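Below is one structure, written out as structure tokens; comments come after it.
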Amino acid sequence: MSDTAASAAPAPQVSPDNPCPFLRALVAGDYVGGHIVPLPKLTETIDRATGKTGLPALSAGAKIFMVAQMANGIGPFSQVRSLLQGAILDELRNGPLDKHGAGSRILDQHAVVHEDEIARLATFGTDHKAPDGSVERGLSASEIKTFMAANFQRAKDEHPASSSYAILHCYYPLLMLGEWPVLLDIMGKGEGKERYLSVAEVRTLFVEKRFPDRIVALLQG
């Protein structure tokens, strides 16, 4: 195939029923398929993006595998199907990991990105010094924790009589551990308590479904 033909190939389509920004970027970048992805393949791909090696890589991989296994359902049939076939990325919406309005709301149910919600995200952050010496808006681990708590409270305040949020309250912290803290771990800049998630890079992830160059290098390595 010529270079011209290859460059003219259409970009992979990302289903609106895949609500995870990280997975959407993986599909858009053609690192994984957009439908059924075997759990070992999905785990290995995400693990590669972390840049971890040795025991930390094994630990991260185990956590990723566990989350991926329950993504399409926690019942026995769903668990067996996930183990044998893989995660169905275009059927994640309304699954066990769906936060039903208690998340960031940056991406709506039709996969439309809301810039005002990205602006809201930025209000929870502070200015951080990037490795190249520049200053940019970002969220540290503690700021992300505050942001996630505010998201849940917003949803609860809007539906004070809803029993679903009372139920969601029980496992919401576990759901959120698999989202923003994971993005911080993978895409964050800096080390330790100084590590932060760049708001500009979050916007690129959501809007363009594209990773920072340093993550692309790990995925292609």
Residues in the stretch 64-89 that are open to solvent by 70 Å² or more (accessible area, probe 1.4 Å) and without any contact (Cβ under 8 Å) to a residue 12 or more places away in the chain total 5
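One line per residue, one yes/no per condition, for (1) at negative phi; (2) at pLDDT below 85; (3) open to solvent by 90 Å² or more (accessible area, probe 1.4 Å):
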site: Glu91; (1), (2), (3): yes, no, yes
site: Gly103; (1), (2), (3): yes, no, no
site: Ile118; (1), (2), (3): yes, no, no
site: Ala122; (1), (2), (3): yes, no, no
site: Glu143; (1), (2), (3): yes, no, no
site: Thr146; (1), (2), (3): yes, no, no
site: Ala149; (1), (2), (3): yes, no, no
site: Leu175; (1), (2), (3): yes, yes, no
Residue match in the stretch 94-101 (condition: farther than 14 Å from Asp17 by Cα and at pLDDT below 95): yes
Mind listing whichever residues of the stretch 105-116 are open to solvent by less than 50 Å² (accessible area, probe 1.4 Å) and either assigned to a loop (DSSP other than H, G, I, E, B) or over 16 Å from Pro21 (Cβ atoms) (or both)? Ile106, Asp108, Ala111
Selection from the stretch 125-138 of residues that are farther than 12 Å from Arg203 by Cα and surrounded by fewer than 19 Cβ atoms within 10 Å (Cβ to Cβ): Thr126, Asp127, Lys129, Ala130, Pro131, Asp132, Gly133, Ser134, Val135, Glu136
Taking the conditions exactly as written (part of a loop (DSSP other than H, G, I, E, B) and of a type in the set (Lys, Arg)), does Arg48 satisfy them or not? no
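Yes/no per residue for (1) within 21 Å of Leu107 (Cα to Cα); (2) without any contact (Cβ under 8 Å) to a residue 60 or more places away in the chain; (3) buried (at least 17 other Cβ atoms within 10 Å of the Cβ):
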| position | (1), (2), (3) |
| --- | --- |
| Phe22 | yes, no, yes |
| Ala28 | yes, no, yes |
| Val32 | yes, yes, yes |
| Leu39 | no, yes, yes |
| Thr43 | no, yes, yes |
| Ala49 | no, no, yes |
| Thr53 | no, yes, no |
Within the bounds of the stretch 74-93, is there any residue that is closer than 25 Å to Ala141 by Cβ, part of a loop (DSSP other than H, G, I, E, B) and touching a strand residue (DSSP E or B) at 6+ places or on another chain (Cβ under 8 Å)? no
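The values are calculated or read from the model by the stated rules, or taken from the named source; none is laboratory data. Owing to the predicted nature of the structure, the values given are computational and were not obtained by experimental measurement. Methodologically, a virtual Cβ is constructed for each residue, glycine included, from the backbone with ideal geometry; neighbour enumeration extends over all protein chains shown. Just so you know, the surface numbers come from the protein's heavy atoms only, side chains and all, with ligands and any DNA or RNA stripped out. Shrake-Rupley method; radii C 1.70, N 1.55, O 1.52, S 1.80 Å.
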